[in-house]
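Everything on this sheet refers to the single structure shown next.
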Amino acid sequence: MNAPLIDPFARAISYLRVSVTDRCDFRCVYCMSENMTFLPKKDLLTLEELDRLCSAFVRLGVKKLRITGGEPLVRRDILTFFRAMGRHLDSGALDELTLTTNGSQLEKYATDLYAAGVRRINVSLDTLDEAKFARITRWGKLPQVLRGIDAAQAAGLRVKINTVALQGFNEDELFTLTDWCASRDMDLTFIEVMPMGDIGNEDRIGQYWSLKDLRARLAQRGTLTDLPDRTGGPARYVRVDATGQKIGFITPLSHNFCESCNRVRITCTGEIYTCLGQEGHSDLRAPLRGSEADHDLETAIRAAIALKPKGHDFDYSRQKVDGQVSRHMSHTGG
Ligand code: SF4
């Protein structure tokens, strides 16, 4: 039963991204409305269910586990879950336990995360300007996030910054952000979002900014060398020759990574999505709740992986553009 998860296109599934909550203490304009209605608690997987689910995937060959949200660190007792996943690092079954966060709770949790075995984290941060930060996150406070990043680095966590590229919003901060990351020895990844003109969000800030243009501007300032790094995902990396800094570019809708796609995603309600750009998904909560043994769960996981599509359909995805797609892209970064 423990044969590794291989999809119909011979891709081994080794990377699992799990959302542990739909809640967040920010209300980023490209992600949420100001008055969000969140899911009822009974719909969410409990921490014990998340443990069973993730442990099943680890047994079936997942080597890298990324915890996402919403904001994962606002989930109550989430440290218990991180500590529980740490046992898979200790046993050698799991290579990496990591998270994507908005940074607001890092001051409180950085040391505990390190102790649980986390070594690298991604922090989503779109601007270093306090007023702009307040505008785009609505509820966020930049100094709190910066203190969180300080705490993370002090605790020994390697920090990567994820920045959504928004024309007319953070275009003027391209070099400020780049230099700030370099000065703190943090990698930086820019994320391209869908054109956002038609999502009907009255708080719309910024416009689609193509990473081709962003990259060209960086290249005007100094030579960039393409790096061969492949993560099985949509990120491509360059090195800034003058400083050695590594910069990533995520264009989630490009097709060129599908052949090597090694990942699946699970929502906080236990749905598995096997492709970023397709709506197809399967339910893992019912088999989790239906039996205390993991047989049905593993069967359901295998059935879902057997349906993983070859790749996503760019045009299909484009028609789906709305706030949700933007959130998916911007927050998870593919
Ligand atoms: S983008 Fe991230 S930080 Fe902003 S509201 Fe969404 S989940 Fe929260």
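The values are calculated or read from the model by the stated rules, or taken from the named source; none is laboratory data. What you are looking at is a predicted structure, and each value in this text was computed from that prediction instead of being measured. Backbone-built Cβ (ideal geometry, glycine too); neighbour counts: all protein chains shown. Note: areas computed on protein heavy atoms with side chains; ligands, DNA, RNA excluded. Shrake-Rupley method; radii C 1.70, N 1.55, O 1.52, S 1.80 Å.
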**Study point:** Index of the failed condition, GLY70 passing every other in (1) within 16 Å of the ligand (Cβ to nearest atom); (2) of a type in the set (Gly, Ala, Ser); (3) open to solvent by 40 Å² or more (accessible area, probe 1.4 Å)
**Key:** (3)
Check your understanding: Restricting attention to the range 83-97, does a residue exist that is among the polar types (S, T, N, Q) and either in contact (Cβ under 8 Å) with a residue 12 or more places away in the chain or within 16 Å of the ligand (Cβ to nearest atom) (or both)?
Key -> no
Practice item. Could you tell me whether the range 7-29 includes any residue that is free of Cβ contacts under 8 Å to residues at least 60 places away in the same chain, within 15 Å of ILE301 (Cβ to Cβ) and more than 12 Å from the ligand (Cβ to nearest atom)? Key: no
Practice item. Output the residues belonging to the range 3-36 that are open to solvent by less than 60 Å² (accessible area, probe 1.4 Å), more than 24 Å from THR163 (Cβ to Cβ) and modelled with pLDDT of 90 or more. Key: LEU5, ASP7, ARG11, ALA12, ILE13, SER14, LEU16
Exercise for review: Identify all residues within the range 215-244 that are part of a strand (DSSP E or B) and either buried (at least 16 other Cβ atoms within 10 Å of the Cβ) or modelled with pLDDT of 95 or more (or both); write none if there are none.
Suggested key: LEU224, THR225, ALA235, ARG236, TYR237, VAL238, ARG239, VAL240
**Study point:** Positions within the range 79-120 being assigned to a loop (DSSP other than H, G, I, E, B) and open to solvent by 10 Å² or more (accessible area, probe 1.4 Å), in sequence order
**Key:** GLY92, ALA93, ASP95, GLN105, GLY117, ARG119
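Here's the yes/no breakdown for (1) within 16 Å of the ligand (Cβ to nearest atom); (2) more than 18 Å from the chain's Cα centre (by Cα); (3) at pLDDT 95 or above:
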| site | (1), (2), (3) |
| --- | --- |
| CYS258 | no, no, no |
| THR267 | yes, no, yes |
| GLY280 | no, yes, no |
| ALA286 | no, yes, yes |
| GLU292 | no, yes, no |
| ILE301 | no, yes, yes |
| ASP313 | no, yes, no |
| GLN319 | no, yes, no |
Check your understanding: Only one of (1) over 17 Å from the mean Cα position of the chain (by Cα); (2) open to solvent by 60 Å² or more (accessible area, probe 1.4 Å); (3) modelled with pLDDT under 95 is not met by MET196, so which one is it?
Key -> (2)
Check your understanding: Do any residues in the range 116-143 that are closer than 16 Å to ASP25 by Cβ and within 11 Å of the ligand (Cβ to nearest atom) have Cβ atoms under 7 Å from those of residues that are open to solvent by 60 Å² or more (accessible area, probe 1.4 Å) and not small (Gly, Ala, Ser), where the two are at least six apart or on different chains, and which pairs are they?
Key -> ARG138/GLU34
